[in-house]
Amino acid sequence: MDQRAPGIPDVFDPRIYAEGIPHDRYRRLRDLHPVAWQPEPELLGWPAGPGFWAVTRHADVVRVLRDHRTYSSCLGATQIRDPDPADLPFLRRTMLNQDPPDHGRLRRLAARAFTPGRVDAFAGRVRDRARTLLTAAREAAEDGTADLVRTVTDEYALLNLTDLLGVPAADRGLLLDWTVRIIGYQDPEDAPAPVLGPDGRPVNPRSPALLGEMFGYARELAAHKRRHPDSDASDASDLMTVLAGAGLADAELEMFFFLLTVAGNDTVRSAAPGGLLALAAAPDAYRRLAEGRTDPARAVDELLRVHPPVLSFRRTAAVDTELAGRRIRAGDKVVVFHASANHDERVFADPARLDLDRAPNPHVSFGDGPHVCLGAHFARLQLRTFYEEWTALMPPPELAAPPRRLVSNFINGITRLPLRVSGPVR
């Protein structure tokens, strides 16, 4: 199974996604090949892999995400590319790469630190930050335009996350550097030059060999929280103070910090500009939002549907099984495609239309099953606040130049979003 069958489009090549979500390819797969074999050729200096099954219909995506006994997060971790076998024990320390019951213990602990009440306590800071960043972007725009990614959304996502974590202000830039290195590794422009291993191949940025700096910082920060739980830099409500006192092993604490830093930052970092881009293409929908004629919470979910932060997640078949008429062997990689599921005509009427009043809206942008996004409440809070402040302070979103998308088959990122920021509000 090293060749894609005739008529089956490629949805693996990360360069495809720099042109936008490949909806035509997804639709062809959903209609004719809902579980389709995809080869993994060598690309961008990364070695070839054995191939995988692409799952594109909503019902099948949900089935895979919910059935951890058949489709494991632990066996091969959750990225399309196979990790170095030597790295697998390390990667399995994070709950993202665990199956129940082990996954449940860490998730319950994290859930106690991530309560809605603790998250909602940051709502005022989140709103002040959105207002401050948007106002500054508008005032600083000499030609009436601004790159919203560089001037607003990167900072917005990062500073909200570091407030929640309890990271000192002087250290906050480190988290963005780590996120870009780990998330943008497929993009020659967005990521630093890759570190090469002894074989001359790039080293996976999730390898423990490249995460020592982040892990060392996590240990130092946790130690500081334990020594100074009541200092200005430690707030009893911040997550690192809670986790530092939870009795975690160092390895578990490090992987929690890794997961919160990368997933917590990049979810909103990707979704906020994606939502603005969607609204720029739908002025009537934007007008309804700005005039208060649609529920902001419902609008956030529709914007997440059309621009999911994560494009794909991998599982590994634990047993021989069948999915959508395809025989899948134990050990095969099975990859779900969120953006395709979110546009499945079997579930969403007129899925290409931005309908801010869409209900119900069972999108899978935050996943499903035991691994549904733990930070979804915080992400929705940030996004709802951001769009509310945009409609109050800024003109309708209008592109000043084409956006630039991340070269990635994992994160639906936007690295530049030039918008007009001068002009009458609404």
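The values are calculated or read from the model by the stated rules, or taken from the named source; none is laboratory data. These numbers come from a predicted model, not from an experiment. Positions of Cβ are backbone-derived with ideal geometry, glycine not excepted, and every protein chain shown enters the neighbour counts. These area figures cover heavy atoms from the full protein model, side chains too; ligands, DNA and RNA do not enter into them. Shrake-Rupley method; radii C 1.70, N 1.55, O 1.52, S 1.80 Å.
If you go through the stretch 384-416 and keep only what is in contact with a helix residue (DSSP H, G or I) (Cβ under 7 Å, 6 or more places away or on another chain), open to solvent by less than 40 Å² (accessible area, probe 1.4 Å) and over 30 Å from GLN186 (Cα atoms), you end up with THR385, GLU389, TRP390, THR391, MET394. In the stretch 113-133, the condition of being in contact (Cβ under 8 Å) with a residue 12 or more places away in the chain and of a type in the set (Ser, Thr, Tyr) is met by no residue.
Scanning the stretch 261-291 for residues that are at pLDDT below 95 and open to solvent by 10 Å² or more (accessible area, probe 1.4 Å), we see that the one that is nearest to TYR387 (Cα to Cα) is ARG269.
If you check ARG226, ARG219 for being of a type in the set (D, E, K, R), at pLDDT 85 or above, under 19 Å from ARG93 (Cβ atoms) and open to solvent by 60 Å² or more (accessible area, probe 1.4 Å), only one passes: ARG219. Does ASP190 satisfy the condition of being modelled with pLDDT under 75 and within 30 Å of THR391 (Cα to Cα)? It is true that ASP190 is modelled with pLDDT under 75 and within 30 Å of THR391 (Cα to Cα).
With respect to the conditions (1) at pLDDT 95 or above; (2) in contact with a helix residue (DSSP H, G or I) (Cβ under 7 Å, 6 or more places away or on another chain), HIS377 lacks only one, and its number is (1).
Would you check if ARG269 is closer than 21 Å to LEU176 by Cβ and of a type in the set (D, E, K, R)? So ARG269 passes the test. For the stretch 342-362, the set of residues classified as surrounded by fewer than 22 Cβ atoms within 10 Å (Cβ to Cβ) and among the polar types (S, T, N, Q) consists of ASN361 only.
Could you tell me which residue of the stretch 139-167 is nearest to HIS228 (Cα to Cα), considering only residues that are of a type in the set (D, E, K, R) and part of a helix (DSSP H, G or I)? Among those that are of a type in the set (D, E, K, R) and part of a helix (DSSP H, G or I), it is ASP163. Taking helices (runs of 4 or more DSSP H) as the structural unit, those lying wholly within the stretch 1-93 and holding at least 3 residues that are modelled with pLDDT of 95 or more, surrounded by 17 or more Cβ atoms within 10 Å (Cβ to Cβ) and of a type in the set (A, V, I, L, M) correspond to 58-66.
The set of residues from the stretch 105-122 being part of a helix (DSSP H, G or I) and loosely packed, with under 14 Cβ neighbours inside 10 Å comprises ARG105, ARG108, ALA111, ARG112, PRO116, GLY117, ASP120. Within the stretch 363-374, the only residue that satisfies the criterion of being surrounded by 23 or more Cβ atoms within 10 Å (Cβ to Cβ) and either β-branched (Val, Ile, Thr) or over 27 Å from PRO14 (Cβ atoms) (or both) is VAL364. In the stretch 18-38 there is at least one residue that is farther than 30 Å from ASP250 by Cβ and of a type in the set (S, T, N, Q).
If the condition is being closer than 23 Å to PRO205 by Cβ and open to solvent by 10 Å² or more (accessible area, probe 1.4 Å), then the stretch 126-158 contributes ARG150, ASP154, GLU155. For the stretch 292-341, a residue qualifies if it is of a type in the set (Lys, Arg), part of a helix (DSSP H, G or I) and crowded, with 21+ Cβ neighbours inside 10 Å, and exactly one does: ARG305. Within the stretch 417-426, the set of residues being over 19 Å from LEU158 (Cα atoms) and open to solvent by less than 10 Å² (accessible area, probe 1.4 Å) comprises LEU419, VAL421.
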